[in-house]
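The values are calculated or read from the model by the stated rules, or taken from the named source; none is laboratory data. What you see is a predicted model, and the numbers here were worked out from it, not measured in a lab. As a convention, Cβ positions derive from the backbone with ideal geometry for all residues, glycine included, and neighbour counts pool all protein chains shown.
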Amino acid sequence: MSLKAVQTLTGRIILGILRALQLVLACAVIGLYGKYLSRASEADEHADARWIWGVVVGGLSAVTAVSFFLLSLFFGWVSVVL
């Protein structure tokens, strides 16, 4: 996508939809991996580092999606999707 295409209304709607999809998928990762971490905690076992890393990355992805969406909504800041 070129910068001019992103600045149009259609481009902003598409980017908003992609950010919403990013947020939904990040929450799904956090929920699914969090369930496994909860089971490990209830069984008094050590949680696997891969599950913890997945929750951390999902959380960072959710924060990124929300912050980029708010920046573009309130300040007109445009981030280009690669």
Out of the residues in region 25-67 that are farther than 22 Å from L15 by Cβ and β-branched (V, I, T), which is modelled with the lowest pLDDT?
I52
So V6, is it touching a helix residue (DSSP H, G or I) at 6+ places or on another chain (Cβ under 6 Å) and either modelled with pLDDT under 85 or among the β-branched types (V, I, T) (or both):
no
